[in-house]
């Protein structure tokens, strides 16, 4: 389906500029099976890719398991291994013997308590830079530290045995498709960059929600969203640092110096569902309520408001299960829990009932086969899809995730929005991928809470950039046709036409990050009719109201540095369409001629790495 866009008008430093990714052979590590016995009532049946820790286990065993997993996953950027490490309520590590470990690709670390304070790790949980040249000692950065998750636990930072620079903070040096949720961090500082290696130490974006944080160093992070949290302090920032409903957030009156955007409350939010063990030892999934105009954490006064669903009410899927079996279970009223792994999907998983929960753990990945749409959600309210990655396949899919019918609107409820949390998309990367549109939202009253929609700018396919343009094809990233849709943390990159098209009325985006495609071979390949290029964010010409907070469009036309893009943003010139704190920036190749609608200076090679800001559009 071609998005409706009427009458078109008129990397980050070094993701591929400084990265020469080596081909890494993944080391297969089979995690121990879930600790509970499958024959015992209420016991989980999550399979061998899920490890459940209990405080009674020897700390040395837990440490060895986590260290082995990290060694296997730290360089496995395009691999197929998926894993989740779940901690039952209790304390892990002591002052003398802390639990200190690192988190690699496609790894989820989560507590199984009803509250983040029910699971305490005395130690550190970290991500460091990847050092990609000179035997792993130089060209150190976090620009490709994708696909990992930490949630629902407390970290009491303990640096015992940590030498030198590493003792200065708990490091979480990451980029896209990484979330921190429901954390309680005490005892030291948190750094979102790794300043303890050789340069350049770049990092490129992430997401925190529903967390209590110590003094936090943002450092080289180029874009970041912190939502509904508490922070003891915040320092540094590069381009887009956005805070929504955060107690202790910095003031944004001096924007763009520093580049902070601060909203006192989050207009619409719903925290991600989480697995927990209740007081009887039964496994439940907590599904938080949607909330409006909130700030601070959801668990300050007890369990997060919402409903609990027994694990027995879920179809617990493993890779290899048929889509027919999954759809039969959904039709019978079951919810769906996707255990870690890669699922080949040749026909749609169909979510047709309101309030259905689809929860992936360990970065469960749905890969399109034969041009399928891996996941479709009907026009019904209250569906929650969380923790799922969706990959394009070798044959073109019209869409990878469709929410609502293309041919009409069904029932929706602003008090109970369908919600997508930590849902990620890839077109190319681990293999050739083809999709017309990655994410299509047709329903009204939908909440998108953190997504990365990525047409791969690098991968293991073995193609040059010119070849990739014609082989890994993705025209549109996110197409929003529904009204009253809110996005908190919308990251969309490298698509071959509009990265984001917003046709619905009364839409809101809080933090938007976009890189235009790196690889158009010629200007003729990057034309929108007689206009040079496609804006990174397009609001349809019939839209009456739209609000955008904290947004950036970046250009790095490494395949042909002479290419121009006329505008970073294109929107209707109406009083109801408001853009706050937007910018374009050149990462060393190509040109964006204007920020929005012909307004703003060019982001060209005379100002590499220097943003061109528009504080408000239209100008008050």
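Structure summary
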{"quantity": "The chain: mean projected area of Cα convex hull, nm²", "calculated": "24.5"}
{"quantity": "Förster radius 30 Å - calculated FRET efficiency between residue 251 and residue 413, Cβ distance, rounded to 0.05", "calculated": "0.25"}
{"quantity": "Stokes-Einstein translational diffusion, the stretch 339-617 - Kirkwood Rh over all Cα pairs, 1.002 mPa s, 20 °C, in µm²/s", "calculated": "115"}
{"quantity": "Inter-probe distance in nm under a simple model that places probes 7 Å from Cα toward Cβ, at residue 318 and residue 616", "calculated": "5.9"}
{"quantity": "Distance between modelled label sites at residue 574 and residue 134, nm, 7 Å Cα→Cβ extension", "calculated": "5.6"}
{"quantity": "Among beta bridges that DSSP assigns inside the stretch 557-617, antiparallel share in %, nearest 5", "calculated": "60"}
{"quantity": "Extended-chain gain in nm, criterion 0.36 nm per residue less alpha-carbon gap, residue 331 and residue 355", "calculated": "7.4 nm"}
{"quantity": "Potential lengthening between residue 405 and residue 608 on full extension [0.36 nm per residue; Cα-Cα distance subtracted]", "calculated": "68.8 nm"}
{"quantity": "Fully extended contour minus Cα-Cα distance, from residue 97 to residue 56, at 0.36 nm per residue", "calculated": "13.3 nm"}
{"quantity": "Calculated P(r) of the stretch 285-353 - Cα pairs past 15 Å, %", "calculated": "63"}
{"quantity": "Residue 346-residue 460 FRET efficiency (beta carbon distance; Förster radius 35 Å; 0.05 resolution)", "calculated": "0.95"}
{"quantity": "Proxy reagent accessibility, fewest Cβ within 10 Å first, across 133, 418, 95", "calculated": "95, 133, 418"}
{"quantity": "Rounded to 5, the percent of DSSP beta bridges in the stretch 339-617 classed as antiparallel", "calculated": "10"}
{"quantity": "Spacing of the two label points (7 Å from each Cα toward its C-beta) at residue 215 and residue 163, in nm", "calculated": "2.6"}
{"quantity": "Exposure proxy order (Cβ contacts within 10 Å, fewest to most) of 53, 46", "calculated": "53, 46"}
{"quantity": "Fraction of beta bridges assigned by DSSP in the chain that are antiparallel (%, nearest 5)", "calculated": "15"}
{"quantity": "Which of 165, 131 has the fewest Cβ neighbours within 10 Å, and the rest in rising order", "calculated": "165, 131"}
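Throughout, read-outs are computed from the coordinates displayed, never taken from laboratory work. Just so we're clear, the structure is a prediction, and the values are computed from it rather than from any experiment. A quick note on method: Cβ atoms are made from the backbone with ideal geometry, for glycine too, and the neighbour counts reach across all protein chains shown.
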